[in-house]
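Just so it is clear, none of the values below were taken in a lab; they were calculated from the coordinates. None of these values were measured; they are calculated from a predicted model. Neighbour counts run over all protein chains shown; Cβ positions are idealised from the backbone, glycine included.
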Amino acid sequence: LEKALKGLEKKVRDAMEQDPELKAKDACMQNVMGVGPSLSLAMLSAVPELGKLNRRKIAALVGVAPFNSDSGKWRGQRHIFGGRRHVRNVLFMATVAATRCNPVIRPYYQHLRAEGKKFKVAIVACMRKLLIHLNSLMRQHLASRQAISLAS
């Protein structure tokens, strides 16, 4: 099973190398500290809407947007749920790495922990921040591609 998985991964990587648009998006994403080949591959393959939706919609799509659990006058906790679980799992691991090396995510994570936020609450907030950053990068990438095609 592991051998088959590695073979499939190699085929997907080879297919990405053949497509200049995907290759450019992959390079753009991997320039962000904490984002590696696994997250880049997961985002490009499972979230084609990246760069086309606003920050709230993309966070809900991946499943890192907080949803309330209120009823009448009762105010419950906010929870994340739904979305694309595989992408959320890979994003979680990338965010853990980013809290150690990314110059934007690390201080944000430390600030949340200093405020007394629990580990998972702080990590999910950082996941959302990283996802929104990647979404804006892809939006800029798409806009620059569109400007180039209009100029031609």
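Here are a few things to note about the model shown:
- Sites listed here are chymotrypsin sites (Phe, Trp or Tyr not before Pro) in segment 1-87 whose DSSP assignment is loop and whose Cβ has at most 15 other Cβ atoms within 10 Å: F81.
- Theoretical FRET efficiency, 1/(1+(r/R0)^6), r = Cβ-Cβ of S38 and R85, R0 22 Å, to 0.05: 0.90
- Linear extension gain, K117 paired with A97, 0.36 nm per residue minus alpha-carbon span: 5.3 nm
- Stretchable slack from S69 to Q30, in nm (0.36 nm times residue separation minus alpha-carbon distance): 10.5 nm
- Point-to-point label distance, K3-L142, nm (Cα→Cβ direction, 7 Å offset): 4.1
- In terms of distances greater than 32 angstrom between alpha carbons, the cross-link table entries K6/K129; K3/K129; K25/K120; K23/K117; K73/K117; K52/K120 yield K3/K129; K23/K117.
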